[in-house]
Ligand SMILES: Nc1ncnc2c1ncn2[C@@H]1O[C@H](COP(=O)(O)OP(=O)(O)OP(=O)(O)O)[C@@H](O)[C@H]1O
Ligand SMILES: [Mg+2]
């Protein structure tokens, strides 16, 4: 599904990702762990098409060159990024944003756009599953949301859009224990043989709820070790120092 | 200029029924204007947008005579749909229709006057020009305790029959105790280039409410100036909303005197400008007694080569304790060539007051655009959504739900 080969990324002549390579097959869940500043968010941003990086190497998504696609085209093709710091968009109603987003993607996929009633039915159902306070959907997007509510809103968007590849950038940071379980349930519900996940986290605990197939350790813009779920446990015990 | 003015003034006198006294009265104003000329950037109030230059550049054949003895045809397609309303229709500066069909006729009085003094001090020569060249002053009087059932829409339109390149018009409004008037100004969208000089005078008696919505939305080649003087007695409220988007040039000026305790003034404005448009809002709020309040919020979205300016002055005299004054302006610059100027001015002589001001401008936030695009919206949709959101809180300030919906639709904002 996703094939990253020798990706190099620089910002203002500072090298952030160095010869980064990773393969994710349909149905797989990969976790990336790594110290602050190691390049995790940079990787997620580049996968979603954020501008401002000088990049080389190759990224294929379902055999298409990602660099040829604009951010919204990647979203249409099924790439979703749950932001580490979801943005507040003043004056934009959350429901209207969600509907615009969902219909843009449905349209691109050649599916029928949802009318107001169909949309509300779907969003209510999803909000209920995620125990997301429905009243918040009528507020301005992320404005006045708590840190945890913003993260839950990202997962709500994910489950509405049902992407093929979901990238979760530290979605667990700032979530309470119950919310963590709910978010994990959200991921597990979407998980099937066709959908893949790239989960960025600092904490092994999330991986108790979402069992990854692979765990990678990212340091200084490079994967220095890959393994199974046991790698996360080892990391939690020993810290990054021992891997250096 | 002065020769043309003199001869056009003589024509006006000839086609009117002015008395000798009225002619002399008007002639004084004409002389004042000729002495002062159009305002220019040497005057502090006009430093951002110099109207004398702008007129010179855009109107080469400035002329002033309109024959008010001949009527113009009303084009009903200009009427606002979906909102029942009373009407005053100006065409080429001439009143073609006054229609208060929705109201109790005993509660409203329309008075025509020619000789009307100006009740406040001013230096502005455009008021002189206006007073010299208007053929009459229409006064709308709303009687005590009466709230108009429907809004009044004033249509400002021009037709291609227009002879001159300058139009002056004046309206006075007298709101009796505890009365209420909702007033919408709809500005036309003619391609003829002319300079339109509008002068409104509002007198709000105790407990009365004025809501004035000025809608300049559709692209047109006019240069417009609108001066509004608002006098407010105890517990009166004025709410002014300005959508400044259609004309090549538009300056809205509001001079508000809070003369009575617990009176309050709200001014909210949107500049939405494109290629080569230059607009300004200038406000002066005079807090003259205790416990008065003013609130101002002005937002700009500025395209290529456009320019907006906001000059907001809050004056608090030594008696005006417990004044609450607030003003904020924000601008989104869509291009390197867009320009926003803000000049807040606080002059405070009382010690127990709460006054604040702020101003910010910047380009559209790229991170927000990325966030929206990552959800499948294209660049244009993302940009529009952000701009809508940016402007929405100004529209939200409109206290009349029906008019808020109308304006939301006119602007094309989605709720
Ligand atoms: N736009 C930018 N300009 C300059 N430096 C940047 C920029 N974006 C990222 N960096 C730098 O690149 C490095 C990697 O940043 P990144 O956000 O990818 O780290 P991260 O692994 O996500 O860290 P964290 O765990 O703290 O979220 C950091 O040193 C950061 O300061
Ligand atoms: Mg990060």
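Taken together, the values in this text are just the output of simple stated rules run on the coordinates, not laboratory data. Just so it is clear, the model here is predicted, and its values are computed rather than measured. Here the Cβ is made from the backbone with ideal geometry for all residues, glycine too, and neighbour counts use every protein chain on show.
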Added length on full extension, which subtracts the Cα-Cα distance from 0.36 nm per residue, residue B:35 to residue B:345: 108.7 nm
Relative contact order of region A:124-186 (C-alpha contacts under 8 Å, at least 6 apart) in percent is 41 percent
Taking B:387-396, A:177-186, A:235-244 and ranking on average Cβ neighbours within 10 Å, highest first, one gets B:387-396, A:177-186, A:235-244
What does the extension gain come out to for residue A:135 and residue A:230, with contour length at 0.36 nm per residue minus their alpha carbon separation? 30.1 nm
For chain B, would you read off the P(r) tail past 32 Å as a percentage of all alpha carbon pairs? 36 percent
Span per principal axis, largest first, for the Cα atoms of region B:236-386 (Å): 56, 33, 24
Order these by the 10 Å Cβ neighbour count, fewest first: B:261, B:239, A:72. B:261, B:239, A:72
Taking the alpha-carbon centre of each part, the distance from region B:361-415 to region A:1-65 in Å is 33 Å
What FRET efficiency would be calculated for the residue pair residue A:106, residue B:60, taking the C-beta separation as r and a Förster radius of 41 Å, to the nearest 0.05? 0.15
What is the gain in length, in nm to one decimal, between residue B:218 and residue B:70 on full extension, counting 0.36 nm per residue of separation less the C-alpha to C-alpha distance? 50.5 nm
Rounded, prolate or oblate for the protein assembly as shown? Axes are the square roots of the Cα gyration tensor eigenvalues, ordered a ≥ b ≥ c, and the cut-off for rounded is a/c under 1.5. prolate
Provide the percentage of antiparallel DSSP beta bridges, counting only those with both residues in region A:2-243; round to the nearest 5. 60 percent
For region B:21-110, what does the relative contact order come out to in percent, with C-alpha contacts under 8 Å and a separation of six or more? 14 percent
Restricting to Cα pairs under 8 Å and 6 or more apart, the percent relative contact order of region A:2-243 works out to 29 percent
Given B:92-104, B:349-361, the highest-first ranking by average Cβ count within 10 Å works out to B:92-104, B:349-361
Cα-projected label distance for residue A:62 with residue B:84, points at 7 Å along beta-carbon direction, nm: 5.5 nm
What shape does region A:132-172 have by the C-alpha gyration tensor, where a ≥ b ≥ c are the square roots of the eigenvalues, rounded means a/c under 1.5, and otherwise prolate means a/b greater than b/c and oblate the rest? oblate
How much mean residue ellipticity at 222 nm does the protein assembly as shown get from its helices, if each DSSP H run of length 4 or more adds -39500 (n - 2.57) and you divide by all residues, to the nearest 500 deg cm²/dmol? -8000 deg cm²/dmol
Estimated inter-spin distance, residue B:319 and residue B:147, nm [label 7 Å along Cα→Cβ]: 3.1 nm
In terms of the Cα gyration tensor, with a ≥ b ≥ c the square roots of its eigenvalues, is chain A rounded because a/c is under 1.5, prolate because a/b exceeds b/c, or oblate? prolate
Given points 7 Å out from each Cα along the Cα-Cβ axis, report the residue B:14 to residue A:128 separation in nanometres with one decimal. 8.2 nm
Between the alpha carbon centres of region A:178-205 and region B:8-62 the gap in Å comes to 73 Å
